[in-house]
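Everything below concerns the one structure shown next.
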Amino acid sequence: MEPFEKDELTEGELDRLLREWNAPAAPARLRAALFLKPRAPWWRRLWTLSIPVPLPIACVLTLLIVVSVWRGAMPRVPQVVVKTERVEVPIVQERVITKYVYKEQKAASGFDIHGLKPVAELRPRIIRSGDAKN
Amino acid sequence: MKIEDAFDTYHQAVFDFVCRVTHRADLAEDLTQECFLALVRAPDRFNPERGSLKTYLFAIARNLVLKNYRDQRESTEPNESDLATDPRSSLEISSAVENAIRALPHLQQEALVLFQYEGLALEEIAQVVGTDVGTVKSRLHRARERLRRELAPFRNVGGVHGTV
């Protein structure tokens with residue numbers, strides 16, 4: 001027996017040796033045995049992809065979709081289209097001259113306010129409704 | 001993660017682990033299938049708070065291996081006399097390594113395979129085998145110590161490691 005056979009491998013040597021042992025690959029029929037059919041390509045799986053959505057959010061989204069579809073199906077009120085066009089209209093320009101004419105007026109009854117004087121004494125007289133004729 | 005995605009991600013690792021521990025590809029195929037069937041049948045048993053899906057699958061695979069080992073103890077128990085007594089006579093390093101690992105006690109074997117070949121961390125191995133990290137370290141240390149002795153004659157055998 002050679003002397004090195006008594007020795008121990010170093011950690012590195014052991015790691016290198018251990019890497020020499022390769023296990024066989026798993027056979028492809030394993031998938032078929034478990035899932036019956038081969039896996040569809042990604043673009044086909046995209047059609048059956050599901051995303052978990054919380055129930056409240058799903059309800060709100062459904063409601064929004066229903067409302068938008070309902071509003072889309074409703075007959076629309078015809079809209080009044082206001083179209084603004086500028087039209088040039090020929091205007092006959094006339095000159096209007098306004099003049100104020102003051103007419104002198106005389107008092108109709110010959111009453112002149114300048115002749116009035118304030119009363120010296122007030123003598124109020126009470127007249128009853130029954131004596132109104134008197 | 002969907003079960004099909006889990007299968008695509010981990011089936012090779014599970015198969016590899018079972019194959020290295022049982023040393024039988026046909027048995028590894030059956031047990032890998034059973035492992036994923038268990039996940040298909042009861043996906044709710046997996047609790048992400050207790051560990052990753054990877055360690056969960058390895059733990060199922062390990063239990064299946066142990067069950068199989070108990071069922072067929074007489075026929076599958078490694079017989080050291082069957083192993084190559086003079087490993088240097090074999091130029092196949094791969095089979096020499098396999099034989100040396102097969103000769104290890106089962107608990108050391110699985111710890112070594114999970115660490116060395118499946119790349120699991122010590123904590124993950126502890127989860128898979130249901131023990132503490134210290135015990136895993138101890139098993140690994142003893143396994144590697146024994147392999148360093150057993151495989152010493154192969155230090156210079158083969159083209160990769162030089163010639164005799």
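Can you give me the distance in nm between label points at residue A:114 and residue B:149, each placed 7 Å from the Cα along the Cα-to-Cβ direction?
15.5
For region A:30-70, how big is the tail of P(r) above 13 Å, as a whole percent of Cα pairs?
Numbers: 572 of 820 pairs.
Of the Cα pairs, 70 percent sit more than 13 Å apart.
Enumerate the amide H contacts of residue B:155 below 5 Å, restricted to partners 5 or more residues apart or on another chain; note that Pro and chain-start residues carry no placed amide H.
Amide H neighbours of residue B:155: none.
Provide A:104, B:4 in ascending order of the number of other Cβ atoms located within 10 Å of each residue's Cβ, fewest first. Walk me through the numbers on the way to the answer.
Numbers: A:104 4, B:4 15.
So the residues, fewest neighbours to most, are A:104, B:4.
Give the peptides A:50-62, B:52-64 in descending order of average Cβ contacts within 10 Å, highest first.
B:52-64, A:50-62
Residue by residue through region A:69-74, which ³J(HN,Hα) values in whole Hz follow from phi under the Karplus form 6.51 cos²θ - 1.76 cosθ + 1.60 (θ = phi - 60°), with glycine and proline marked x?
Residue by residue, region A:69-74 yields 5, 5, 5, x, 7, 5 Hz.
Once the Cβ-Cβ distance between residue A:80 and residue B:3 is put in as r, and R0 is 45 Å, what FRET efficiency do you end up with, to the nearest 0.05?
Details: r = 62 Å, r/R0 = 1.37.
FRET efficiency, residue A:80 to residue B:3: 0.15.
Laboratory data are not the source of any read-out in this text; all were calculated from the coordinates shown. As the structure is a prediction and not an experimental result, all values here were calculated from the model. As a convention, Cβ positions derive from the backbone with ideal geometry for all residues, glycine included, and neighbour counts pool all protein chains shown.
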